[in-house]
Structures are given as structure tokens and as C-alpha cells.
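A.B. asks: First, the structure itself, so that you have it in front of you.
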Amino acid sequence: MDELQRINSQSFTNQSQSASMAPAVRSFYKDATVLICGATGFLGQILLEKILRTLEPRTVYLLIRRKKGLDVDQRLQMLLQGVVFDRVRSLPIVSRVQAIEMDMTRPDLGLNEETRRCLIEEVNVVFQLAALVNFMTPLDRILKENVQYNLHLYGLMRHMKNLRVAMHVSTMFSNCDRKVILEKVYSDVGFGGYDSIVELLNKLDQPEKEAVAPIIIGKHPNNYTFSKKCIESKLQQEFFNMPIGIFRPPSINASYEEPLPGWTNNLYGYAGFTVPAIIWLYSAFFVDDFIKPMFAPVDYCANALLVCAVDVAKNYTKDQSEIPVFNYADSHSPILRDIFNYSTAGLPWPQSFICRHFMITRTTNEFRYRLSVKMMLAHATIFDRVAIWRGYPGGIRKGVERALIMMEKIGPVAITTWEVETANIKRVLQGLDPDERAIFQCDMATINWERHYADFVRGIKKYVLNIQELRICACYR
């Protein structure tokens with residue numbers, strides 16, 4: 001810990017003076033052409049809304065794929081009809097947003113020659129947020145989605161004539177097999193590196209791939225975090241001399257303030273932990289109450305991403321040998337016990353009191369946890385039978401079983417504390433002038449965590465579940 005504090009302090013001192021002279025964030029993006037890959041995702045929607053509401057880009061291109069019978073223009077219109085865009089939907093700047101159909105599975109992204117030439121000539125800023133975040137995905141497939149297909153996009157970036165910066169969104173857990181995580185790319189992928197792993201997997205049938213995957217990922221809790229480590233390593237290996245930065249957010253929670261408090265659209269991460277309490281289901285968690293988990297609101301992550309991009313562009317040199325990395329973590333976050341208490345405060349009384357004291361078991365005792373899981377499954381079975389009796393489809397037990405498998409895949413996150421270097425993000429924050437510090441709020445020391453988690457639970461009920469009583473089972477399934 002002392003060594004990490006020394007690194008943080010030394011890096012901050014050496015670079016704070018130059019950071020204070022960094023170009024203003026708004027002037028950097030003014031009249032810039034921005035390309036976003038992953039704008040339909042959770043973080044992507046907030047990032048796009050923030051750009052449209054506070055910045056003045058010339059054009060915003062969104063790389064979107066066809067999905068569920070909808071073309072990219074239809075998906076763009078559906079995206080902009082979401083509640084996230086209520087404050088910007090009528091603004092003239094929305095007309096500057098253009099959807100581009102792409103196919104990430106193809107090296108040329110499926111772009112026609114005219115579109116490709118347009119992007120090469122015009123794009124100044126790229127945000128790559130797209131990723132497959134399903135922890136259950138087989139290793140060979142998730143490596144294709146999160147590494148190979150990403151590299152197709154970076155291959156296009158090589159040819160962009162006016163590229164100022166490209167930000168790759170990774171995760172704080174890309175190196176969770178380590179106790180100390182520095183702001184650097186770790187290339188210790190093992191097995192001869194990513195290319196050798198892919199070559200090996202291509203020679204195996206599916207049962208063999210499943211058998212060898214745990215050996216390949218080693219101490220990583222799941223295939224997802226390992227794939228993010230691999231893409232970081234490949235970027236460092238092949239694109240170190242480009243103006244690229246790697247942004248590592250923690251587990252991303254609902255919005256804190258912007259564009260509205262408590263907004264979320266998924267049950268990933270901590271959101272999934274709250275659903276049992278919301279539906280009055282007894283729940284069990286194998287967690288350490290006294291760790292400080294790495295969480296951050298989605299709007300703070302989007303703001304940090306925007307300001308870090310400016311820093312990367314400012315400090316880029318063609319002879320650089322390492323890609324700059326930004327660990328977005330904070331020591332001010334509450335311990336897990338308090339997070340659970342804050343979350344139950346978002347439930348109506350007396351549900352909040354009952355859940356806090358009678359409906360949740362949190363423990364690191366293996367026997368107690370297994371016993372509590374059996375109680376949780378039994379309770380879910382009762383809920384299903386009542387739901388079916390009342391004419392609803394049931395499915396709560398099935399959802400609980402899936403959630404338990406997911407919790408095993410993220411197990412270390414709930415019982416481990418990491419030492420994280422954060423000198424770069426501190427330097428960036430120090431370099432912001434007061435006005436832009438307020439506009440691009442990303443200092444997690446300013447968060448009222450009690451209010452945030454209460455809003456978080458209300459947001460899940462309003463924006464994700466959006467149904468009452470036992471009908472929730474269909475969504476949870």
C-alpha cells in the first residue's frame with residue numbers, strides 16, 4: 001500500500017503543472033467529428049446524451065448493427081425516443097447524429113467505400129464502448145466479440161487522417177487476478193499470448209474448449225474479464241504509437257444526477273443483487289460486508305471518459321511506447337454493508353425494514369451461505385406456485401438459479417479488495433477549471449452514496465422492472 005501511495009503522489013506531483021494547462025474540454029470537442037461504437041449500450045446512451053447536451057460537435061457518427069429485424073435508422077430513432085434523451089430530443093444538434101450500419105465480424109466492418117472514405121477523412125474522436133458483457137459466454141466466442149472484432153475497428157483507425165484521440169473502454173477488473181493494479185497495460189496473458197490462445201482454441205471441439213477454458217483464464221473469475229485483458233494487451237502490442245487511451249471504469253451503476261437520477265436499463269452488476277429484495281424474495285449473498293467494492297454512477301463514468309480523452313490527445317507523441325491508462329476508482333466509496341443498507345432505504349416502509357433485518361443473509365461462511373441458498377430457492381419455488389395460481393407465468397426460481405450461477409462468476413469481486421493506482425485520473429481532475437469541473441462532474445468524492453443507492457433501487461423499479469407485484473417474475477426471468 002505504501003508503494004502504491006508513493007506512485008500516486010509522485011505521478012500526480014510531476015504532471016499536475018502540465019495538466020493545469022490542458023485545453024478546455026468544450027473547446028476540444030467544438031466542431032469535432034465524433035464516432036461512437038456502442039452508443040446503444042448503457043454507458044453509450046449517457047455518453048451520447050452528454051455530448052449532445054453540453055458539447056458542440058460538428059457530427060456524431062454512431063456505428064450500429066442491424067438487430068431483431070430493425071435497420072440502423074430505426075434503431076437510432078428508437079434510441080432517441082428513450083427517456084434518457086428527453087432533454088435533448090428537440091434540440092437542433094440531434095440532426096447532426098447519423099447512424100452507420102456496420103458488421104464488426106468483417107475486417108472492413110461491412111462499410112461501403114464511400115462511408116469508409118468519409119470516416120477516414122472526417123473523424124477526430126473515437127469512443128469504443130461496444131463489448132459483450134455476458135459472463136456465461138464460451139471463451140472462444142467472447143474473444144472474438146471483445147478482441148478480434150474490436151481490432152477490426154482499430155484497423156480502420158490507422159487510416160484516419162485527422163484522428164486526435166480514440167478511447168477504449170475496458171474495465172477495472174481486466175486485471176483482477178492481481179492484488180495491485182497500476183495504470184499500465186499488463187501483457188501477461190499466458191499461453192504465448194492472445195494469438196496463440198486463439199490458434200489453440202480453433203483446433204479443439206466444443207467440449208475440449210470448455211475443458212481447457214478454466215486453465216487458460218487462470219485466476220480470472222470469468223471469460224469476460226480475461227477477454228478485456230486480452231484486448232488491452234493487443235492494443236498495446238499493435239497500436240501503441242496511435243493516440244489511444246484505455247479507460248477502466250469499475251462496475252457501473254445507475255446515474256447519479258444526469259440526465260435524471262437513478263436511471264438504468266439493465267440488471268448487470270449490483271443491480272441484479274437488488275431484485276430479490278424488491279420482489280420480497282429471501283436472498284443470500286457470499287460477500288464480505290467490510291470491503292469497498294468498485295462501483296461508479298454511469299454519468300460520472302461518461303464525464304470521466306470525456307475529460308480523459310482530452311488529456312490523451314494533449315499528451316500524445318508519435319514516439320510514445322505505452323498507451324496511457326486511466327483507472328477510474330475511488331477510495332471514498334462506502335463498504336458493502338452500508339451499500340446494502342442504503343439500497344433498502346430505497347424501498348417503501350415496512351418493506352425496507354423487513355428486508356434489511358429478516359430477508360437478506362450476507363456471509364463469507366461457506367456452510368451458512370449454502371444453507372441460505374437452499375432457503376432462497378425454496379422461497380422462490382413458493383413464489384412461482386403462487387404466481388401460477390394467480391395466472392402469471394412464474395419463472396422466479398429459474399431466474400434465481402441463473403443469478404446464483406452469475407454470482408459465482410463474479411465471486412472474487414464481492415470478497416476482494418484491490419490496491420489501485422489512480423494518479424492519472426487525479427491529474428486530469430486537477431487540470432479542470434472550476435466551470436468544467438461542475439459541467440463534467442466525475443470526482444466521486446462529491447457523491448452522496450446514501451442518496452445514490454436509494455435512487456438506484458427506485459430506478460430499477462421504474463425503468464427496468466416497470467411492473468408490480470408478482471408480475472416481476474417475467475422480467476426477472
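The values are calculated or read from the model by the stated rules, or taken from the named source; none is laboratory data. Computed from a prediction, not measured in an experiment: that's the story for all the values here. Cβ: placed from backbone, ideal geometry, glycine included. Neighbour counts: every protein chain shown. Quick note on the areas: whole protein, heavy atoms, side chains included, nothing else; ligands and nucleic acids left out. Shrake-Rupley method; radii C 1.70, N 1.55, O 1.52, S 1.80 Å.
A.B. asks: Look at residue 381 and say whether it is of a type in the set (S, T, N, Q), free of Cβ contacts under 8 Å to residues at least 60 places away in the same chain and either within 27 Å of residue 452 (Cα to Cα) or open to solvent by less than 40 Å² (accessible area, probe 1.4 Å) (or both). So that I can check it myself, show each step before the final result.
C.D. replies: Values: of a type in the set (S, T, N, Q): yes; free of Cβ contacts under 8 Å to residues at least 60 places away in the same chain: yes; either within 27 Å of residue 452 (Cα to Cα) or open to solvent by less than 40 Å² (accessible area, probe 1.4 Å) (or both): yes.
So residue 381 passes the test.
A.B. asks: How do the pairs read when you match residues in region 386-409 that are over 30 Å from residue 223 (Cα atoms) with residues anywhere that are among the acidic types (Asp, Glu) and surrounded by 18 or more Cβ atoms within 10 Å (Cβ to Cβ), using Cβ under 9 Å and keeping only pairs 6 or more apart or on different chains?
C.D. replies: Sorted first by the residue in region 386-409, then by its partner, the pairs are 394/384.
A.B. asks: If you take the residues of region 85-117 that are of a type in the set (Gly, Ala, Ser) and surrounded by 13 or more Cβ atoms within 10 Å (Cβ to Cβ), which of them is nearest to residue 264 (Cα to Cα)?
C.D. replies: Taking the candidates together, the pick is 99.
A.B. asks: Which of the numbered conditions does residue 302 fail, given that it passes all the others? Conditions: (1) under 19 Å from residue 51 (Cα atoms); (2) touching a Lys or Arg at 6+ places or on another chain (Cβ under 7 Å); (3) surrounded by fewer than 21 Cβ atoms within 10 Å (Cβ to Cβ).
C.D. replies: So residue 302 meets the others, but not (3).
A.B. asks: Looking only at region 410-417, decide whether some residue is open to solvent by less than 40 Å² (accessible area, probe 1.4 Å), in a loop (DSSP other than H, G, I, E, B) and out of contact with any helix residue (DSSP H, G or I) (no Cβ under 6 Å at 6 or more places or on another chain).
C.D. replies: Taking region 410-417 first, the residues open to solvent by less than 40 Å² (accessible area, probe 1.4 Å) are 410-411, 413-414, 416.
Filter once more, keeping what is in a loop (DSSP other than H, G, I, E, B): 410, 416.
Going one step further and asking which of them are out of contact with any helix residue (DSSP H, G or I) (no Cβ under 6 Å at 6 or more places or on another chain), we end up with 410, 416.
Yes - at least one qualifying residue is present in region 410-417.
A.B. asks: In region 63-84, what count of residues is obtained for those that are touching a residue at least 40 places away in the same chain (Cβ under 8 Å), open to solvent by less than 40 Å² (accessible area, probe 1.4 Å) and in a helix (DSSP H, G or I)?
C.D. replies: So the answer is 2.
A.B. asks: To continue, here is another question. Among the residues of region 345-368, count how many are of a type outside the set (D, E, K, R), out of contact with any strand residue (DSSP E or B) (no Cβ under 8 Å at 6 or more places or on another chain) and either closer than 21 Å to residue 457 by Cα or surrounded by 14 or more Cβ atoms within 10 Å (Cβ to Cβ) (or both). I'd like the intermediate steps shown before the answer.
C.D. replies: Taking region 345-368 as the starting set, the residues that turn out to be of a type outside the set (D, E, K, R) are 345-355, 357-361, 363-365, 367.
Going one step further and asking which of them are out of contact with any strand residue (DSSP E or B) (no Cβ under 8 Å at 6 or more places or on another chain), we end up with 345-355, 357-358, 365, 367.
Pick out the ones that are also either closer than 21 Å to residue 457 by Cα or surrounded by 14 or more Cβ atoms within 10 Å (Cβ to Cβ) (or both) and you get 345-355, 357-358.
Matching residues across region 345-368 total 13.
A.B. asks: I need the full set of residues from region 237-247 which are among the aliphatic types (A, V, I, L, M) and open to solvent by less than 10 Å² (accessible area, probe 1.4 Å), in order please.
C.D. replies: 244, 246
A.B. asks: Can you report the number of residues in region 110-128 which are part of a helix (DSSP H, G or I) and polar (S, T, N, Q)?
C.D. replies: In the first step, residues of region 110-128 are kept if they are part of a helix (DSSP H, G or I); the result is 113-122.
Now narrow it down to the ones that are polar (S, T, N, Q): 115.
Residues in region 110-128 being part of a helix (DSSP H, G or I) and polar (S, T, N, Q): 1 in total.
A.B. asks: May I ask you to verify whether residue 311 is part of a helix (DSSP H, G or I), under 29 Å from the mean Cα position of the chain (by Cα), surrounded by fewer than 21 Cβ atoms within 10 Å (Cβ to Cβ) and among the acidic types (Asp, Glu)? Break it down into steps so the answer makes sense when it comes.
C.D. replies: Details: part of a helix (DSSP H, G or I): yes; under 29 Å from the mean Cα position of the chain (by Cα): yes; surrounded by fewer than 21 Cβ atoms within 10 Å (Cβ to Cβ): no; among the acidic types (Asp, Glu): yes.
Considered against the rule, which asks whether it is part of a helix (DSSP H, G or I), under 29 Å from the mean Cα position of the chain (by Cα), surrounded by fewer than 21 Cβ atoms within 10 Å (Cβ to Cβ) and among the acidic types (Asp, Glu), residue 311 comes out as no.
A.B. asks: With respect to the numbered conditions (1) surrounded by fewer than 21 Cβ atoms within 10 Å (Cβ to Cβ); (2) in contact with a Gly (Cβ under 7 Å, 6 or more places away or on another chain), which one is the sole condition not fulfilled by residue 335?
C.D. replies: (2)
A.B. asks: Say we look at region 399-416 and pick out the residues that are more than 18 Å from the chain's Cα centre (by Cα) and of a type outside the set (D, E, K, R); which of these is farthest from residue 282 (Cα to Cα)? It would help to see each step written out before you state the result.
C.D. replies: Of the residues in region 399-416, the ones more than 18 Å from the chain's Cα centre (by Cα) are 399-405, 408, 415-416.
Pick out the ones that are also of a type outside the set (D, E, K, R) and you get 399-400, 403-405, 415-416.
On the way: 399: 14, 400: 11, 403: 13, 404: 13, 405: 17, 415: 21, 416: 24 Å.
In this case the residue turns out to be 416.
A.B. asks: Among the residues of region 118-149, how many are under 19 Å from the mean Cα position of the chain (by Cα), under 12 Å from residue 35 (Cβ atoms) and surrounded by fewer than 18 Cβ atoms within 10 Å (Cβ to Cβ)?
C.D. replies: Summing the residues that are under 19 Å from the mean Cα position of the chain (by Cα), under 12 Å from residue 35 (Cβ atoms) and surrounded by fewer than 18 Cβ atoms within 10 Å (Cβ to Cβ) in region 118-149 gives 0.
A.B. asks: Could you pull out the residue among 213, 277 that is over 18 Å from residue 177 (Cβ atoms) and among the small types (Gly, Ala, Ser)?
C.D. replies: On the way: 213 fails: over 18 Å from residue 177 (Cβ atoms).
Answer to the check: 277.
A.B. asks: In region 157-178, is there at least one residue being buried (at least 16 other Cβ atoms within 10 Å of the Cβ), of a type in the set (Asp, Glu) and at pLDDT 95 or above? Write out each step before concluding.
C.D. replies: Step one: filter region 157-178 for residues buried (at least 16 other Cβ atoms within 10 Å of the Cβ), giving 157, 160, 163-177.
If we keep only those that are of a type in the set (Asp, Glu) too, we end up with 177.
Within this subset, residues satisfying the condition of being at pLDDT 95 or above are none.
No - not one qualifying residue is present in region 157-178.
One line per residue, one yes/no per condition, for (1) open to solvent by 50 Å² or more (accessible area, probe 1.4 Å); (2) at pLDDT 90 or above; (3) in a loop (DSSP other than H, G, I, E, B):
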| position | (1), (2), (3) |
| --- | --- |
| 370 | yes, yes, no |
| 377 | no, yes, no |
| 394 | no, no, yes |
| 430 | yes, yes, no |
| 438 | yes, yes, no |
| 452 | no, yes, no |
| 455 | no, yes, no |
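A.B. asks: Yes or no: residue 212 surrounded by fewer than 19 Cβ atoms within 10 Å (Cβ to Cβ), outside any loop (DSSP other than H, G, I, E, B), among the β-branched types (Val, Ile, Thr) and touching a residue at least 24 places away in the same chain (Cβ under 8 Å)? Can you show your working first?
C.D. replies: Working: surrounded by fewer than 19 Cβ atoms within 10 Å (Cβ to Cβ): yes; outside any loop (DSSP other than H, G, I, E, B): yes; among the β-branched types (Val, Ile, Thr): yes; touching a residue at least 24 places away in the same chain (Cβ under 8 Å): no.
Here the answer is no, as residue 212 does not meet what is asked.
A.B. asks: Can you tell me which residues in region 32-62 are open to solvent by 10 Å² or more (accessible area, probe 1.4 Å), out of contact with any Lys or Arg (no Cβ under 8 Å at 6 or more places or on another chain) and assigned to a helix (DSSP H, G or I)?
C.D. replies: Once the filter is applied, which keeps residues that are open to solvent by 10 Å² or more (accessible area, probe 1.4 Å), out of contact with any Lys or Arg (no Cβ under 8 Å at 6 or more places or on another chain) and assigned to a helix (DSSP H, G or I), region 32-62 yields 42, 43, 45.
Yes/no per residue for (1) in a helix (DSSP H, G or I); (2) in contact with a Ser or Thr (Cβ under 8 Å, 6 or more places away or on another chain); (3) modelled with pLDDT of 95 or more; (4) buried (at least 23 other Cβ atoms within 10 Å of the Cβ):
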site: 220; (1), (2), (3), (4): no, no, no, no
site: 226; (1), (2), (3), (4): yes, no, yes, yes
site: 230; (1), (2), (3), (4): yes, no, yes, yes
site: 235; (1), (2), (3), (4): yes, no, yes, yes
site: 255; (1), (2), (3), (4): no, yes, yes, yes
site: 275; (1), (2), (3), (4): yes, no, no, yes
site: 284; (1), (2), (3), (4): no, yes, no, yes
site: 292; (1), (2), (3), (4): no, yes, no, no
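A.B. asks: Quick one: which of 243, 214 is under 20 Å from residue 126 (Cα atoms) and either among the basic types (Lys, Arg) or out of contact with any Ser or Thr (no Cβ under 6 Å at 6 or more places or on another chain) (or both)?
C.D. replies: Values: 214 fails: under 20 Å from residue 126 (Cα atoms).
Step by step, each of 243, 214 is checked, and only 243 is under 20 Å from residue 126 (Cα atoms) and either among the basic types (Lys, Arg) or out of contact with any Ser or Thr (no Cβ under 6 Å at 6 or more places or on another chain) (or both).
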